[in-house]
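Below is one structure, written out as structure tokens, with a few remarks after it.
Values in this text are rule-based calculations from the coordinates and carry no lab data. Everything numeric in this text was worked out from a predicted model, so none of it was measured. Backbone-built Cβ (ideal geometry, glycine too); neighbour counts: all protein chains shown.
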Amino acid sequence: MTTASRSERAFLDAGVARIAPSLARYGFTYVPGDTASSSGGPFAVGYFRRGDFEIGLIVRNQRGLGCPNYSVGTGFAGHCDLMDTLGAQGSSHLIPGPWPTYVSADGSDVFEALAADLERFLIPVLMRSEEEFRAGLAKTIGERLDRLGIRPSKGHSA
């Protein structure tokens, strides 16, 4: 692991340590992923999982949180799209920053902004009705695939 990769892993681990206790209350466990380097530079990834539901996190450029992704095994939805589907239009704390990073809307800690969005928008829907949450996620994934022009044929899920 390079020094830069260690920096990504350390930043991701510190952020995860701040939000993991809150997510654990709702049945999520954290699984660290790869730390490596690609054409985009060094990165570290990790996942919060609850059954087949996954929240994917990536850190690049030493201290840049990339777009969190949400999946139930097939396809994924980005943070802004899912938050909009869940009723956060214009109210999300975690917002796109300079590509490829996300930032806090009020300039505070990026992981605290993510935690705020999860607690305010995602967790309430998930706890009220997992079926409703899954339907919202499937809708968001389908809309993303439509925008990309790659919707699977009928009979296959997104």
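When the alpha carbon coordinates of the chain are projected onto the principal axes, the ranges are 46, 32, 29 Å, largest first. Per-residue Karplus couplings for segment 101-113, computed as 6.51 cos²θ - 1.76 cosθ + 1.60 with θ equal to phi - 60°, are listed in order as 9, 10, 9, 7, 4, 9, x, 7, 4, 5, 6, 5, 5 Hz, Gly and Pro entered as x. Scalar couplings 3J(HN,Hα) for segment 133-145, obtained by applying the Karplus form with A = 6.51, B = -1.76, C = 1.60 to θ = phi - 60°, are 4, 4, 5, x, 5, 4, 4, 5, 5, x, 4, 5, 5 Hz; x denotes Gly and Pro.
Expressed in whole Å with the largest first, what are the equivalent ellipsoid semi-axes of segment 24-69 derived from the C-alpha gyration tensor as the square root of 5 times each eigenvalue?
Each semi-axis is the square root of five times an eigenvalue, giving 23, 9, 8 Å.
Segment 104-119 and segment 7-46 have Cα centres separated by 15 Å. Considering all C-alpha pairs of segment 1-47, those separated by over 16 Å amount to 39%.
Within segment 1-105, report the trypsin sites (Lys or Arg not before Pro) that DSSP leaves as loop and that have at most 12 other Cβ atoms within 10 Å. Spell out each step's value before the answer.
On the way: sites: ARG6, ARG9, ARG18, ARG25, ARG49, ARG50, ARG60, ARG63; in loops: ARG25, ARG63.
Sites meeting the loop and neighbour criteria: ARG25.
For segment 3-146, the Cβ-based charge dipole about the Cα centre amounts to some 340 debye (Lys, Arg positive; Asp, Glu negative; other atoms uncharged).
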